[in-house]
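Accompanying notes for the structure given below.
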Amino acid sequence: MDLDFGRVIPYLPLLKNGITMTLKFTFWSTILGFAWGVVLSLIKVSPFKPLAWFGKAYTSFFRGTPLLVQLMLIYFATPQLVGYNISAMEAGVLAFGLNSAAYISESIRGGILSVDKGQREAAMALGVPKLWIMKDIIFPQAIKNILPSLVNESIALLKDSSMVAIIGVGDTLRWAQQLQAKTFRAFEAFIIAAVVYYVLVMALTSIGNELERRARVSD
Amino acid sequence: MIKIQNLSKKFKDLVVLKDISLEIHKGEVVAIIGPSGSGKSTLLRCINLLETPSGGQIFIKGKSILDKDANPEKLRKNIGMVFQHFNLFPHMTVLRNMTYAPMVVNKLSKEEAEKKAVELLAKVGLSDKTYEYPSKLSGGQKQRVAIARALAMEPEILLFDEPTSALDPEMVKEVLEVIKSLAHTGITMALVTHEMGFAREVADKICFLDDGYLAEVATPEEFFSSPKSERAQQFLDKVL
């Protein structure tokens, strides 16, 4: 077996930039995915039919087509369609955010429906306005119920963020690709990338566990 | 205080309430009893519009609550409701359960709302549970908090929807005691219950519902000793 991690060492400082990029990506797409996912979930439970229909169609499209195709559509077609020269970073965050919102909105919708209807009735009986019932009574309980799936979604985003290497963003995987090209050491390059992703996922998992523990104080 | 005229309620093809007329005066305690499925809860839930009546009229303090310009949220501020399954907010402490609506709906300051809540918790004997979450309370304690939560809005009317039906037998008494302490203090009460002894003791008026009809309205003495309708007689034979 031919292994030589020594050849890789000079490139390790550059890995830091790659990891930063991966984290930045995950962070912003999680924020966008969650924010838009919340709006979409409300759209889906809306009694106004055209809105609910839009929510369904949106989810169907983003779940029914490959993420990589969505990424390429947004990155390569945006300049053609609206004349805006979208950066790879923007395209990535947009694609992952829009995609993840489709999944998150389904989780939240399920979470909202899982809250006992007595909760809404009790708040209504107290004269609480609809918007407040959603915001203060239903939503917090829904989020608590679906916290594990939200953490999973964010882990999926972290891993999927490696796709942006394809459109040239200098993330962790991109670092490994360049390293392989320069040193011809494939195993060393990609195993390091794999370990980096694994460590990040584990870190995210433990953050998720901590969040769940805190959410359980009222149990 | 509450005037119900020819009220009817349908769920799709199922007629649950038929031509109900009933008047409840200020400060009165009215017990609504009857076999299960007779429409007791639905009648109660029409009063604060948790159910929308299919026909008829309901007036509260002389104003129709079914008018197009009537505001259900405003109406409900003045009508407290206690549910069979308590429906406390599980993600809020007992204190927060009690201050939430007064702060959001009545715009009370946090200090005012908490002061009021603390007083009411003392009244229902649960001062030591102020900072607990509902999951730490027994059924009877939960229902006492739920009553205190309703009272925190200072309603003129209080509706009880089978408040002791979900409780273990040994907890029924503590809840009934609290309800009893509220009766005849000026607050108007309508109570759906299966506790016949309690209805007899506390109510000014018994409403007997049968198959969606208000079959009989009588004082407790009249109703329990010599019910006029045959259905009420049959019902009492079964439950007493």
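Structure above, values below:
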quantity	calculated
Loop-located trypsin sites (Lys or Arg not before Pro) in segment B:5-39 whose Cβ has at most 16 other Cβ within 10 Å (DSSP)	B:LYS12, B:LYS26
Gained length - B:THR52 relative to B:LEU236, 0.36 nm times residue gap less alpha-carbon distance	63.2 nm
Virtual spin-label span in nm between A:THR20 and A:PHE187, 7 Å along Cα→Cβ	3.2
For segment B:184-233, the Rg and Dmax computed from alpha carbons only, in angstrom	11.1, 34
Calculated FRET value between B:LYS107 and A:ILE9, using beta carbons and R₀ = 56 Å, to 0.05	0.30
Cα pair distances of segment A:12-110 binned at 5 Å [whole percent]	2, 14, 18, 19, 18, 14, 8, 3, 2, 1, 0
Under-5 Å amide H pairs with B:GLU216, H placed in peptide plane, nonlocal only	B:PHE208
Projected label distance in nm at B:ASN71 and A:LYS56, using a 7 Å step from Cα toward the beta-carbon	3.5
Semi-axis lengths (Å, descending) of the ellipsoid that matches the C-alpha gyration tensor of segment A:102-173	37, 11, 8
Once the Cα gyration tensor of segment B:1-77 is diagonalised, semi-axes √(5λ) in Å	19, 16, 11
Nitroxide proxy distance, nm - points 7 Å out along Cα→Cβ at B:SER226 and A:TYR198	8.9
Calculated [θ] (222 nm, deg cm²/dmol) that DSSP helices of n ≥ 4 give over chain A, each run adding -39,500 (n - 2.57)	-26000 deg cm²/dmol
Relative contact order [Cα under 8 Å, 6+ residues apart], segment A:122-219, whole percent	27
Surface accessible to a 1.4 Å probe, A:TRP132 within the full protein complex, Å²	90
Ratio of the Cα radius of gyration of segment A:10-217 to 2.2 N^0.38 Å, where N counts its residues	1.20
Percentage relative contact order, chain B, counting C-alpha pairs under 8 Å, at least six apart	27
Cα-centre dipole for segment B:21-101 with unit charges at Cβ (Lys and Arg positive, Asp and Glu negative), debye to 20	200
Percent of alpha-carbon pairs separated by more than 21 Å within segment B:1-138	54
Percent of alpha-carbon pairs separated by more than 33 Å within the protein assembly as shown	52
R0 of 60 Å, Cβ-Cβ distance A:LEU68-B:SER135: FRET efficiency to nearest 0.05	0.85
Mean Kyte hydropathy of -0.5 or more with a Cα span along the axis of at least 15 Å, helices from DSSP in chain B	B:94-104, B:139-151, B:169-182
3J(HN,Hα) from dihedral phi, segment A:111-118, Karplus parametrisation 6.51/-1.76/1.60, rounded to Hz, x for glycine, proline	x, 4, 5, 7, 6, 3, 5, x
Accessible area per residue in Å² at 1.4 Å probe, computed on segment A:1-141	54
For segment A:37-86, convex hull volume per residue from C-alpha positions, Å³	95
DSSP beta bridge pairing in the protein assembly as shown, given as percent antiparallel to the nearest 5	55
Crossing angle, helix A:139-160 versus chain A [Cα axis fit, 0-90 degrees, rounded to tens]	20
Computed over chain A: relative contact order in percent, which uses C-alpha pairs under 8 Å that are six or more apart	29
Enclosed volume per residue, in Å³, of the convex hull spanned by Cα atoms of chain B	127
Number of partner chain Cβ atoms within 10 Å, mean per residue of B:46-54	1
Binned Cα-Cα distance frequencies in segment B:147-240 - 5 Å width, integer %	2, 12, 23, 23, 18, 14, 6, 2, 0
Candidate lysines for bridging to A:LYS44, where Cα separation is under 22 Å - those fewer than 8 sequence places away on the same chain excluded	A:LYS56, A:LYS117, A:LYS130, A:LYS135, A:LYS144
Where B meets A: accessible area buried, both sides, 1.4 Å probe, Å²	2000
Principal-axis tilt of helix A:172-183 within chain A, Cα atoms, nearest 10 degrees	10
Whichever lysines have a C-alpha closer than 21 Å to that of A:LYS159, once near sequence neighbours (fewer than 8 apart) are set aside	A:LYS16, A:LYS24
Within 10 Å of each Cβ in B:95-101, the average number of Cβ atoms from other chains	2
Cα-derived Rg over Rh, computed across segment B:113-199 with Rh taken as Kirkwood radius	0.94
Note, ³J(HN,Hα) from phi for segment B:75-82, Karplus 6.51, -1.76, 1.60, rounded to Hz, x at Gly and Pro	4, 6, 4, 9, 10, x, 9, 10
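The values are calculated or read from the model by the stated rules, or taken from the named source; none is laboratory data. Note that this is a predicted model, so its numbers are computed, not measured. Neighbour counts run over all protein chains shown; Cβ positions are idealised from the backbone, glycine included. Side chains included, ligands, DNA and RNA excluded: accessible areas come from the protein's heavy atoms. Shrake-Rupley method; radii C 1.70, N 1.55, O 1.52, S 1.80 Å.
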